[in-house]
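I have placed the structure first, in the form of structure tokens, so that the comments after it can refer back to it.
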Amino acid sequence: MKKLNNNLSLFYIMIIFLFMACKQEKLNDIDIIKLNFESNFESSLQFKSEEFEIDWNDFQVEKNDYGSKFIFPLVYSTSHELNSEYFESEYYTFLIAEKLNNYFDLSMVVAYPFEGTLTAGIGNMDLSGYYGLINYYDLLGNNLKSEVYEDGGLVDIENGNIETNNPFAKAPAIICYHEMTVETEHYVDWYQQVTIVNNGATTYIWVFVESEYVGTTYETIYYPEECSYSAPGDNHAEIHVSGYLDFAVSGADYWEEEICKKAAFANNNCVNGIWEIMKQNDVGFETLKNFLGSKPLAELCLDIKDLGSTVNGNTQKSGTSITVSLNSNKLNRSKLSIARTLLHEMIHAELYSMVIEAGGYDQLQSFAANYQGEDDFMMLWEYYEKYGDNMDGVRPGWQHEYMAEYYIEYIAQGLKELHPYLSSQAFINYRTGSFVGNSDIPWSWDDFFIALAWEGLKGEELNPTNAYQIEVINKGLEEIYKFYASAAIEESSTNKCY
């Protein structure tokens with residue numbers, strides 16, 4: 001959910017996420033089990049969600065050489081009895097979460113004590129002295145396997161056991177058992193914790209990374225027809241358990257890694273170096289986050305193309321993909337100026353992504369009117385309706401008008417962060433303590449960054465953007481800002497990419 005920040009007061013917000021050095025506090029085991037269960041459980045004939053609850057504070061833990069097992073009894077709100085000549089009327093259901101290394105394998109378990117053998121311990125999943133059947137199910141209600149116990153010991157029901165008095169072990173097919181060999185592929189679905197910081201509030205989300213194939217098992221299972229509400233169908237199954245990676249990443253790291261680079265961009269060492277510095281300092285992410293109030297939405301690719309002799313760069317959308325391109329003929333500028341162009345075009349990309357989300361310009365008004373959230377889309381529609389599209393030499397268009405009003409101080413803040421890395425030390429030394437032109441106005445780095453941010457957002461000479469007219473021209477700052485812009489060009493003689 002985006003929240004447009006209308007407060008233009010200059011403030012310093014910079015959060016550095018150390019990618020592999022700062023380890024976020026992980027959710028505790030119970031939180032992870034609960035998250036896993038709520039994300040993957042689906043009501044079934046065997047386990048109807050409206051019939052039971054789980055008290056996440058009521059559990060037992062068993063530890064072994066391989067890890068830990070968490071046992072949660074299901075609390076039923078409806079009648080919970082079985083009518084069978086072979087089993088006790090009362091049966092018991094549990095959620096079992098087995099922790100192996102750093103992920104959990106969850107299963108639903110039903111224990112059916114044999115008639116006349118009810119033991120007090122089974123209510124806590126204590127199998128000491130237990131006689132009966134135990135069925136295992138996945139979170140979708142699919143039967144995974146069945147086990148038969150006699151006096152707390154697991155009976156080999158596949159081969160039979162002549163020493164036992166257990167009729168199910170001696171002749172399972174005669175009584176009520178059916179047999180099936182199940183081929184099960186095991187996967188770990190890995191999740192990465194992502195940190196989102198918005199206006200001082202920190203939230204954490206788990207983002208799916210990949211499924212890792214672990215192996216395949218083959219099991220002969222026996223299921224009692226009378227005790228299963230539905231017989232197993234396909235003998236092929238997949239089990240996906242959730243794994244949670246040790247190290248958290250920031251929202252910036254996750255978003256930046258999703259941005260693709262075309263060959264021309266990736267192979268240009270200078271431009272690619274500028275982008276890497278922007279990534280290291282999260283400048284692209286922070287600028288867009290401040291501008292729109294949440295994590296950037298745009299799915300971007302970066303490229304370098306021949307765009308003629310006029311523009312520094314452009315942004316184009318094709319379907320749901322958006323490409324930001326630098327002009328190969330306009331790389332003879334200072335590195336800080338090139339970074340400004342990247343930030344400028346990223347804002348365009350973000351605005352285009354919102355138009356795509358709305359279904360296009362034709363749907364923008366109705367989408368904005370029905371949008372359940374902040375008024376971002378309605379403001380976009382109002383600017384589009386008022387200013388229309390860009391027309392070179394005639395009008396700057398709705399995006400430049402919108403960006404000029406809300407974007408200047410944030411892009412200036414981003415340039416200030418990049419300045420120590422992208423400006424040459426010779427330029428910094430030369431300008432620090434100097435004056436603006438032949439005036440007695442002391443050089444101001446903050447004004448320099450603001451002047452640079454206005455480049456591309458001033459509008460047309462005879463039709464400036466509304467914000468530039470009010471904030472620059474009407475305040476008599478135009479010549480001062482022109483001098484600062486020329487100073488940036490001056491640096492390009494020694495500190496450029498082309």
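Tally up the residues in segment 425-447 that are in contact with a Lys or Arg (Cβ under 8 Å, 6 or more places away or on another chain) and not in a loop (DSSP other than H, G, I, E, B), please.
Within segment 425-447, the subset in contact with a Lys or Arg (Cβ under 8 Å, 6 or more places away or on another chain) is 443, 445-446.
Pick out the ones that are also not in a loop (DSSP other than H, G, I, E, B) and you get 445-446.
Final tally of qualifying residues: 2.
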Restricting attention to segment 23-53, the residues that are surrounded by 13 or more Cβ atoms within 10 Å (Cβ to Cβ) and at pLDDT below 50 number exactly 2
Sole residue being at pLDDT below 85 and within 33 Å of the chain's Cα centre (by Cα), chosen from Y421, Y384, Y361, Y410: Y361
Does segment 306-327 hold any residues that are without any contact (Cβ under 8 Å) to a residue 60 or more places away in the chain, touching a Lys or Arg at 6+ places or on another chain (Cβ under 9 Å) and under 14 Å from K261 (Cα atoms), and which are they? S325
Test: residue in segment 467-484 that is surrounded by fewer than 22 Cβ atoms within 10 Å (Cβ to Cβ), out of contact with any Pro (no Cβ under 6 Å at 6 or more places or on another chain) and modelled with pLDDT under 90: no
Taking the condition of being outside any loop (DSSP other than H, G, I, E, B), free of Cβ contacts under 8 Å to residues at least 12 places away in the same chain and touching a helix residue (DSSP H, G or I) at 6+ places or on another chain (Cβ under 8 Å), how many residues in segment 386-419 meet it? 0
Applying the selection to segment 259-285, what residues are part of a helix (DSSP H, G or I), out of contact with any Gly (no Cβ under 9 Å at 6 or more places or on another chain) and of a type outside the set (S, T, N, Q)? A263, A264, F265, A266, C270, V271, G273, I274, E276, I277, K279
Subset of segment 446-456 that is surrounded by fewer than 23 Cβ atoms within 10 Å (Cβ to Cβ) and touching a Ser or Thr at 6+ places or on another chain (Cβ under 8 Å) - its residue that is modelled with the highest pLDDT: E455
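The values are calculated or read from the model by the stated rules, or taken from the named source; none is laboratory data. Just so it is clear, the structure is predicted and the values come from calculations on it, not from any experiment. Using ideal geometry, Cβ is built from the backbone for each residue, glycine included, and neighbour counts are taken over all protein chains shown.
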